[in-house]
Amino acid sequence: MSAPDDIFKDLCSTRTVQSNRNGFFNEFYQEVKSSCGEKWLNNYFSKLKSNEARILSVFNDRECCDTVLGVLENVAPVFKFKDAIFGQQRKAQADKAFLLGKFKEGLILANLAVMRTPKDAEDFLGHCYLTRSSVLIGLGEGEKALTDLKMATVFGIDSKKNPDYFLRSAQAYALLGEKMRCEIAMKVAENLLNGPTDRTRFTRSEIEKIVPKPKAPSMEIPEVSGGQNPDLYNASKSIKLVESPDKGRFIVSNDHIKTGDTLLVEDPIAACLLSDFFGSHCHNCFTKLFAPIPCEFCSGLAFCSPQCMGEACSTYHRFECHYMDLLIGSGMSILCFIALRIFTQATSVENGLTIANRLIENMCSHSVERKPDDLLQRSVMAAFLLRILQKVEYFGRRTTEAVCPSALEIQVGAALLGLLQVLQFNVHEIYGTSITGDHAYDNSKVIYVGAGIFGTGSYFNHECWPSVTRHFVGKKIVLTSTRPMEPNDIVSENYGPVFTRKNLKERQRDLRARYLFDCNCIPCRENWPLFQKLDKNVRFKCPSANCGAVLRYPKDLSKDVRCSGCRKIVSLKESVVKVIKVGEMYREAAEAMKDQETDKALGLFKEAINIFFDVAVLPHKDTLIAQQSLRTCLADKGTKFDNRTTV
């Protein structure tokens with residue numbers, strides 16, 4: 001019988017392949033495993049030394065190939081089709097809602113009309129965009145209305161003969177405060193109507209009532225502190241990559257680092273949106289959708305702009321489009337989507353192989369420690385993903401429908417299998433802050449919308465109270481220091497368990513099961529107590545040079561104390577004064593957060609935390625709260641999803 005921790009470890013590993021056990025892949029894999037038998041699995045498959053040999057095995061070995069080929073031969077497109085009649089019905093309902101002034105209801109209906117109407121339904125899709133532009137003007141969304149008007153011309157509306165196009169353009173420009181363009185659009189409409197009419201006079205009267213909306217501030221993408229690192233992509237010069245036999249490759253400080261320094265700003269090598277958010281967020285940039293732009297061929301997902309749609313549909317989505325519902329229905333994890341995306345977004349098969357093999361070579365996979373059934377499961381998933389690539393003619397037009405892969409396809413299958421091992425330990429969840437009320441901090445929570453693999457970001461090791469925090473600007477990861485560091489200090493991230501919420505035994509169990517290592521960070525070595533069991537006492541650094549001893553808060557501030565480390569008589573008066581000042585700054589920063597003065601709060605937290613670490617050490621309850629508040633303020637600078645109103 002397996003030990004409970006082994007069962008938990010196996011479950012964690014399985015979840016990185018199958019996020020939904022109700023998907024058909026679980027049944028497919030169990031059938032393969034049953035057909036090959038334990039003897040073959042343990043005595044033959046477990047002895048295979050390369051990913052290429054494992055892929056060849058599942059396609060060719062008689063113990064499992066019949067089952068594998070039998071399923072893969074039946075892989076066929078499954079996706080959400082367009083529906084012209086449905087689109088026409090929703091457009092008519094949207095027009096009615098607009099006339100009644102029910103703009104939010106109208107937007108929902110117009111979105112459905114745009115999403116479901118085929119592009120080849122004469123010029124009807126263009127009229128759907130025209131309808132939605134009117135609704136968007138009613139909602140005060142001038143920029144989005146202009147986008148829809150442009151899309152209307154793409155799908156059949158002849159603007160040169162359509163005065164409504166220019167009347168709506170004029171209103172949209174008025175909403176943006178662009179008076180000159182507004183007037184030009186009105187003049188064109190009047191010329192098309194052979195002079196002023198009741199329609200143009202009514203539009204002018206409506207324009208006079210418009211108060212331009214202030215432009216929403218764009219998200220701030222910070223620059224790395226201290227300049228770009230020449231050796232680490234998108235990283236600060238303040239950090240460097242080192243290697244050791246027990247820890248592998250990891251990041252340490254290359255210089256003195258202050259609290260609040262930006263150490264990394266990096267785009268993902270590949271990132272995928274979770275399928276739960278396909279209807280609410282852009283498939284390409286993860287922005288929350290308001291007036292979605294659809295794929296031209298499917299209705300299963302959407303984009304925030306023509307630019308995102310064009311970028312996706314000219315690269316990865318043209319391969320994934322007709323099989324998206326099949327992929328979702330398989331129950332495969334987000335890691336499998338990322339493995340596939342590394343190839344579908346590549347400029348060529350060879351480029352995809354180069355990127356994949358570089359990741360496999362440079363990142364931890366723990367392949368030697370994997371059980372045979374874990375490797376078989378990932379091999380079968382890699383075969384399934386390879387079959388998708390075959391079916392979409394990723395390798396070019398095939399002369400046969402046969403499943404058995406060519407030599408090049410075997411290379412890709414082996415790379416997919418390698419990625420399915422590497423991604424288990426190196427992917428970051430991508431998230432934003434959901435705002436549900438008027439106060440940015442009191443009414444917010446973290447929403448995980450996707451995941452991505454980051455080249456430099458994957459090198460940061462774990463600690464149960466990390467020295468950096470992360471937030472996201474779109475898909476970009478931003479890592480910021482939460483305490484000062486000396487040269488050659490480990491610069492740590494957190495992989496999930498933190499000492500404030502889970503005790504040592506729980507943390508070690510989670511990390512061993514999910515990431516296959518025993519944590520040896522300071523909170524683990526010293527067995528720091530849970531947050532609710534922490535007191536507010538301060539532990540001071542000995543003020544003597546080169547002494548690393550830690551001293552308790554003195555009972556009598558008027559008396560000097562003997563250091564237990566260097567044995568010198570030292571005074572802690574100056575250290576105590578600094579800690580008192582730190583407490584005052586923490587309270588002032590908390591008040592700034594209460595007043596939603598984020599920049600002021602950030603400045604105070606950074607300065608106060610630097611002062612604290614100059615004279616004292618963790619764990620210290622107020623400083624832990626301050627570091628968490630710093631994280632919250634930094635997240636406020638990143639991706640935010642406004643969920644205060646639903647349309």
Would you pull out the residues with amide H under 5 Å of Ile293's amide H, same chain only if 5 or more places away, H placed 1.01 Å from N? Phe303, Cys304, Ser305
Expressed in angstrom and rounded, the centroid-to-centroid distance over alpha carbons for the range 318-383 and the range 398-456 is 9
With +1 on each Lys and Arg Cβ and -1 on each Asp and Glu Cβ, and nothing else charged, work out how big the dipole of the range 531-634 is about its Cα centre, in Debye to the nearest 20. 660
If you add up the charges near Leu479, with Lys and Arg at +1 and Asp and Glu at -1, over every other residue whose beta carbon is less than 10 angstrom from its beta carbon, what do you get? -2
Expressed per residue, the solvent accessible area of the chain in Å² (1.4 Å probe) is about 47
Rounded to a whole number, what % of the accessible area of the chain do carbon and sulfur atoms account for, probe 1.4 Å? 51
Suppose R0 equals 41 Å. What FRET efficiency, 1/(1 + (r/R0)^6) with r the Cβ-Cβ distance, do Ser218 and Glu506 give to the nearest 0.05? 0.50
The answer for trypsin sites (Lys or Arg not before Pro) in the range 54-139 that fall in a DSSP coil and have at most 13 neighbouring Cβ atoms within 10 Å is Arg62
Enumerate the residues in the range 493-536 having an amide nitrogen under 15 Å from the point lying 7 Å beyond the Cα of Asp6 toward its Cβ. 513
How about Lys215: which lysines have a C-alpha closer than 18 Å to its C-alpha, ignoring those fewer than 8 places off in the same chain? Lys144, Lys179, Lys288, Lys637, Lys640
Cβ under 12 Å from Asp231's Cβ, Asp231 left aside: what net charge do those residues give with Lys, Arg +1 and Asp, Glu -1? +2
Using the Cα atoms as the points, what is the convex hull volume per residue of the range 531-634 in Å³? 103
Stretched fully, the stretch from Phe290 through Lys80 gains (0.36 nm per residue minus C-alpha distance, one decimal, in nm) 73.6 nm
If you project the alpha carbons of the chain onto the principal axes, what extent comes out on each, in Å, largest first? 97, 73, 43
Please identify the trypsin sites (Lys or Arg not before Pro) of the range 397-489 that satisfy two criteria: DSSP loop assignment and at most 13 other Cβ atoms within 10 Å. Which are they? Arg397, Arg398
First select every other residue whose beta carbon is under 15 angstrom from the beta carbon of Ser444; then total the charges, Lys and Arg +1, Asp and Glu -1. +3
Scalar couplings 3J(HN,Hα) for the range 378-386 by Karplus 6.51 cos²θ - 1.76 cosθ + 1.60 (θ = phi - 60°), nearest whole Hz, x for Gly and Pro, are 5, 5, 5, 5, 4, 5, 5, 5, 5
Please list, ordered by chain and number, the residues whose modelled amide H lies under 5 Å from the amide H of Phe641; skip anything fewer than 5 residues away on the same chain. Thr433, Ser434, Ile435
Along the range 433-444, Karplus-curve 3J(HN,Hα) (6.51, -1.76, 1.60; θ = phi - 60°) to the nearest Hz, with x for Gly and Pro, reads 9, 8, 9, 10, x, 6, 9, 5, 9, 6, 10, 9
Can you count the Lys pairs in the range 548-635 with C-alpha separation below 27 Å, eight or more apart or on different chains? 27
Across the range 614-629, in residue order, what do the Karplus-derived ³J(HN,Hα) couplings come to in whole Hz, using 6.51 cos²θ - 1.76 cosθ + 1.60 with θ = phi - 60° and x for Gly and Pro? 6, 10, 9, 9, 7, x, 9, 4, 5, 6, 4, 5, 5, 5, 5, 5
Output the Cα-based Rg and Dmax of the range 193-297 in Å, rounding Rg to one decimal and Dmax to a whole number. 25.0, 82
Mean shadow of the range 84-209, computed from the convex hull of its alpha carbons, in nm²? 7.0
List the aspartates and glutamates whose Cα sits under 15 Å from the Cα of Lys9, skipping any in the same chain fewer than 8 residues away. Glu369, Asp373, Asp374, Glu506, Asp510, Asp518
Describe numerically, in nm with one decimal, the distance between label points set 7 Å from Cα along Cα→Cβ at Gln228 and at His256. 2.7
Could you work out the helix-only [θ] at 222 nm for the chain, with each DSSP H run of four or more residues adding -39,500 (n - 2.57) and the total divided by the number of residues, to the nearest 500 deg cm²/dmol? -15000 deg cm²/dmol
How about the range 202-263: which GluC sites (Glu not before Pro) there lie in a loop by DSSP and see at most 10 other Cβ atoms within 10 Å? Glu220, Glu223
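The values are calculated or read from the model by the stated rules, or taken from the named source; none is laboratory data. Note that this is a predicted model, so its numbers are computed, not measured. Glycine also receives a Cβ, built like all others from the backbone with ideal geometry; neighbour counts cover every protein chain displayed. For the accessible areas, the whole protein counts, side chains as well, though only heavy atoms, and no ligand, DNA or RNA atoms are used. Shrake-Rupley method; radii C 1.70, N 1.55, O 1.52, S 1.80 Å.
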